[in-house]
Every structure is written in C-alpha cells, then in structure tokens.
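Below: one structure, written as structure tokens.
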Amino acid sequence: MTDPSEIAEFYDDYGEQEWERLDRDFHHRLEFEVTTDYLTDHLPETGHILDVGGGGGRYAVWLAERGYDVTLVDVSERQVEIASEKAAEHGVADHVETQQGDVRSLAFDDAQFDATLCLGGALSHVLDADERETAVTELRRVTHSNSPVFVSVMGLLASVTRMLRHAGKTEPDETELLPDLVATGDYDRELVERYGQELSVQPMHLFRADEFETLLAGELTVETLAALEGPFSQRRDRQDALTATHRSAIRETLATLREDRSVVDHSAHMLAVCRT
Ligand SMILES: C[S@@+](CC[C@H](N)C(=O)[O-])C[C@H]1O[C@@H](n2cnc3c(N)ncnc32)[C@H](O)[C@@H]1O
C-alpha cells in the first residue's frame, strides 16, 4: 500500500479549512446540498453509519443531528481531532466516534454498518488503480448486505475545461499538462510540483463517469450517478454577483440535469449511490 503520510500531512495542516470548505461559497454549498438530498432519500431511517475520509466531520455531524450513530475515519490525525471537537460543539459527541484509518484497509468487521459514506474525494486521493479497487472492496465489506454506499469523487472533464478557460492567462500555464492528464486522469505528484503549488492541490486521480461506474460496479450495484455541481462547475468566479433569484434558478436547473450522464461527466464532483 502506498504511504499515506503526505496526504495526511496536507490535511493535518489544512485544519479547520476542511470543515469550512462546504460553506465557502455557493459552488461548495451545492456539493453539500445535493449530497445531503441523496443521503436523505436513500439512507435507512436509523442505524450506524460509517463516514470514511470524513475530514472535519461535516457529514458526520449532519447525520448525528438526524439521530444516526456515526463512526468517522480519516487518514489525517488533525481532521479526526477536529471532527471530535465539532461533534462536541454541536452537542452530538455521544453519537460520533472517530478514529484515524485508511479507506484501503478499514479496521472493522464485515457487515458492521447500515450504510457507508466516502465523500468529497478521499477515493480520488488514492493514486494507484489497484488500491482504488481495494478501497471499494473495503467499503463494500464493512457494510451490511443490501445497504447503501455513497461515494463522491472529482471529475476529470470539469478540470480540463477549467484549465482551458485559463489557457494563456496564468503562469505556470496548466494547459501544458492536459495531454498527460487526459491520458491517465492522474494529477500526480510531479504535475502538482510543476503546476499545482499555488492552487494548493494535492495529488489526485480525476474520474470520467464511465470509469467511476466501472470501478464501483466491480463490488457494488450502482443505482445512480449524479452531478453535484453540474454546469455550475464552470462558474466558480464572481459568485458574489449571484442574487437569490439566480441561485434558485441554478438549483432548479441542476435538479433537472444532475443525473444526465454528460452533465455528471462534466461536474467538478460526481456522486454514486450504490447498494451492497
Ligand atoms: C476533501 S476532504 C473530504 C472530507 C469530507 N468527506 C467532505 O466531503 O467534506 C478529503 C478527506 O479524505 C481524507 N483522505 C485522503 N486519503 C485518505 C485515505 N486513504 N483514507 C482515508 N481518508 C483519506 C483526507 O484526509 C481528507 O480529510
């Protein structure tokens, strides 16, 4: 298994910014809102939920506030601490357990959880393709049979389009890396060092929708693929200019389009609702 210490250190240093991420702007709020829509529709009414790569605990706290027991696992020691602090601040400490761990090797018995989450890209940070398969096997293994597993990852085409929009306008210019990036989907350590420093991105695998579905279908029944931001992935600048009317029109548009495969493929994040 590849050493996770670099990614863990990045998220240790990232600290509370990870908890704040989903409130940062309208784009990030769409990610949270659409994800929680699907959780609401597909989770069992009660139960014990595993949140892998749960970061500072945004989803764990949201679930605990709705009466679920949650176990949060993250590779970053600091994120695990923040998740415990946030659970206490929100009065749900009794319902949230936290522990450091890795999606590729989960320290739980088989079929221990009523549902499992791996949201916001923990799987995207697993650069090795075989290890991504191992991670999906682990997510399935620890979940009861005929129960939901929710996974969201970062999309390749949204990044390609974003880079093309900035072609010729930035230094270093990420346009140069596109041929390598689209060949593999890997924004790997070498590319991060050449291009990603200022963006503070971490090595990640960016997914096509078909590839994501094929990976999951090796272990799970994929019921739905959904775009979390869809066309709005290309409008991340000047969000302050959006009025409440604009926002509601964007939400309505996304609700109509979000399960269209081409929209999923062009979204910054894509969510899979699966069943064991
Ligand atoms: C972008 S954050 C997402 C946090 C939260 N799930 C959300 O959606 O807001 C990605 C998280 O995945 C964690 N992570 C990365 N690689 C991991 C691995 N191999 N196993 C478990 N967690 C991992 C990181 O430490 C980080 O907290």
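The values are calculated or read from the model by the stated rules, or taken from the named source; none is laboratory data. Keep in mind that this is a model prediction, so the values were computed, not measured. Virtual Cβ from ideal backbone geometry, glycine too; neighbours counted across all protein chains shown.
What number of residues in region 74-102 are within 13 Å of the ligand (Cβ to nearest atom) and either of a type in the set (Gly, Ala, Ser) or touching a Lys or Arg at 6+ places or on another chain (Cβ under 9 Å) (or both)?
Total meeting the criteria: 4.
Restricting attention to region 9-19, does a residue exist that is near the ligand (Cβ under 7 Å from one of its atoms), in contact (Cβ under 8 Å) with a residue 60 or more places away in the chain and within 26 Å of Ala241 (Cα to Cα)?
So in region 9-19, the residues near the ligand (Cβ under 7 Å from one of its atoms) come out as 11, 18.
Filter once more, so that each one left must be in contact (Cβ under 8 Å) with a residue 60 or more places away in the chain: 11, 18.
When the remaining residues are screened for being within 26 Å of Ala241 (Cα to Cα), the result is 18.
Scanning region 9-19, I find at least one residue that is near the ligand (Cβ under 7 Å from one of its atoms), in contact (Cβ under 8 Å) with a residue 60 or more places away in the chain and within 26 Å of Ala241 (Cα to Cα), so the answer is yes.
With respect to Thr98, determine if the residue is closer than 18 Å to Glu16 by Cα, in contact (Cβ under 8 Å) with a residue 40 or more places away in the chain, in the same structural domain as Arg141 (by TED's automatic domain parsing) and part of a strand (DSSP E or B). Let's see the steps before the verdict.
Values: closer than 18 Å to Glu16 by Cα: yes; in contact (Cβ under 8 Å) with a residue 40 or more places away in the chain: yes; in the same structural domain as Arg141 (by TED's automatic domain parsing): yes; part of a strand (DSSP E or B): yes.
So Thr98 fits the description; yes.
Suppose we keep only residues that are more than 15 Å from Thr137 (Cβ to Cβ) and within 12 Å of the ligand (Cβ to nearest atom) within region 108-121. Which one would you say is surrounded by the fewest Cβ atoms within 10 Å (Cβ to Cβ)?
Looking at the filtered set, the residue picked out is Gly121.
Does Glu85 meet the test of being free of Cβ contacts under 8 Å to residues at least 12 places away in the same chain, part of a loop (DSSP other than H, G, I, E, B) and surrounded by fewer than 21 Cβ atoms within 10 Å (Cβ to Cβ)? Give the derivation first.
Numbers: free of Cβ contacts under 8 Å to residues at least 12 places away in the same chain: yes; part of a loop (DSSP other than H, G, I, E, B): no; surrounded by fewer than 21 Cβ atoms within 10 Å (Cβ to Cβ): yes.
No; evaluated as a whole, the condition is false for this residue.
Going by what's in this entry, would Val52 be described as near the ligand (Cβ under 9 Å from one of its atoms), under 25 Å from Thr224 (Cα atoms) and of a type in the set (A, V, I, L, M)?
Working: near the ligand (Cβ under 9 Å from one of its atoms): yes; under 25 Å from Thr224 (Cα atoms): yes; of a type in the set (A, V, I, L, M): yes.
Here the answer is yes, as Val52 does meet what is asked.
Restricting attention to region 148-163, does a residue exist that is more than 27 Å from Val52 (Cα to Cα), surrounded by 14 or more Cβ atoms within 10 Å (Cβ to Cβ) and touching a strand residue (DSSP E or B) at 6+ places or on another chain (Cβ under 9 Å)?
no
Looking only at residues in region 188-217 that are of a type in the set (Val, Ile, Thr) and modelled with pLDDT under 90, which one is surrounded by the most Cβ atoms within 10 Å (Cβ to Cβ)? Show your work before the answer.
Step one: of region 188-217, the residues of a type in the set (Val, Ile, Thr) are 192, 201, 214.
Remaining after also requiring modelled with pLDDT under 90: 192, 201.
Working: Val192: 17, Val201: 15.
Per the criteria, the residue is Val192.
Consider Asp37 carefully, then state whether it is touching a residue at least 60 places away in the same chain (Cβ under 8 Å) and among the acidic types (Asp, Glu). Let's see the steps before the verdict.
Working: touching a residue at least 60 places away in the same chain (Cβ under 8 Å): no; among the acidic types (Asp, Glu): yes.
For Asp37, the condition - touching a residue at least 60 places away in the same chain (Cβ under 8 Å) and among the acidic types (Asp, Glu) - is not met.
Name the one entry in Gly230, Gly185 that is in contact with a Phe, Trp or Tyr (Cβ under 7 Å, 6 or more places away or on another chain) and either of a type in the set (S, T, N, Q) or surrounded by 14 or more Cβ atoms within 10 Å (Cβ to Cβ) (or both). If you could, list the steps in order and put the result at the bottom.
Numbers: Gly230 fails: in contact with a Phe, Trp or Tyr (Cβ under 7 Å, 6 or more places away or on another chain).
When all the criteria are applied, what remains is Gly185.
Could you say which residue among Thr243, Thr253 is exposed (fewer than 13 other Cβ atoms within 10 Å of the Cβ) and more than 30 Å from Val136 (Cα to Cα)? Walk me through how you get there before you give the answer.
Details: Thr253 fails: exposed (fewer than 13 other Cβ atoms within 10 Å of the Cβ).
Testing whether each residue is exposed (fewer than 13 other Cβ atoms within 10 Å of the Cβ) and more than 30 Å from Val136 (Cα to Cα) leaves just Thr243.
So if I check each of Thr46, Thr40, Thr35, which one is within 8 Å of the ligand (Cβ to nearest atom) and polar (S, T, N, Q)?
None of the other options fit; the residue is Thr35.
Mind listing whichever residues of region 256-276 are surrounded by 14 or more Cβ atoms within 10 Å (Cβ to Cβ) and in a helix (DSSP H, G or I)?
Answer for region 256-276, where residues must be surrounded by 14 or more Cβ atoms within 10 Å (Cβ to Cβ) and in a helix (DSSP H, G or I): Leu257, Val263, Val264, Asp265.
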